[in-house]
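Q: For reference, the structure I am asking about is given below.
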Amino acid sequence: MITALVQIKLQEAITLDKARAVFTETAPKYREVKGLIRKYYLLAEDGQTAGGVYLWESRAEAEQLYTEDWKTFIMQKYGTMPTVTFFASPVIVDNLVGQIIKDNQ
């Protein structure tokens, strides 16, 4: 499994309420993305950086999302380009379902 950390340095700080509204608007587009296991929307406490943590089945599937079209969408939505950093995720502790999940790749 792969985790992608997306960070977007905002031109102006936003409130948590504003972030919740914007994130709720875009969330449905990620429901059917192939290979995406989970997505967490993020907002820094100072409201100046937004982003997401994405858990993917593979890097190849992740790269299918982070295209030039996606970057353009982010630029239009937030007014700045995102950065994407990839991490291997060989073990995940999921307390919600009570499991430790190991990547078998």
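Laboratory data are not the source of any read-out in this text; all were calculated from the coordinates shown. As the structure is a computational prediction, the values presented were derived from the model and not from experiment. Cβ: placed from backbone, ideal geometry, glycine included. Neighbour counts: every protein chain shown.
Q: Once label points are set 7 Å from the Cα along Cα→Cβ at both Lys71 and Ala27, what is their separation, rounded to one decimal in nm?
A: The answer from the label model is 2.9 nm.
Q: Could you tell me which GluC sites (Glu not before Pro) in the stretch 1-92 are loop residues by DSSP with no more than 16 other beta carbons within 10 angstrom of their beta carbon?
A: Numbers: sites: Glu12, Glu25, Glu32, Glu45, Glu57, Glu61, Glu63, Glu68; in loops: Glu12, Glu32, Glu45, Glu57.
Loop-located and lightly packed - Glu12, Glu32, Glu45, Glu57.
Q: In vacuum, with every alpha carbon of the stretch 2-102 counted as one equal point scatterer, what does the Debye formula give for log10 I(q)/I(0) at q = 0.12, 0.17 Å⁻¹? Two decimals, please.
A: Log10 of I(q)/I(0), two decimals: -0.42, -0.83.
Q: Follow-up. Excluding Ile37 itself, what net charge comes from residues whose Cβ is under 15 Å from its Cβ, given Lys and Arg +1 and Asp and Glu -1?
A: +1
Q: Out of the stretch 23-105, which trypsin sites (Lys or Arg not before Pro) are coil in DSSP terms and have no more than 11 other C-beta atoms within 10 Å? Before the final figure, lay out the partial values.
A: Details: sites: Lys29, Arg31, Lys34, Arg38, Lys39, Arg59, Lys71, Lys77, Lys102; in loops: Arg31, Lys34.
Filter output for the stretch 23-105: Arg31, Lys34.
Q: Put a dot 7 Å past each Cα toward the Cβ at Gln7 and Arg59; how far apart are the dots in nm?
A: 2.0
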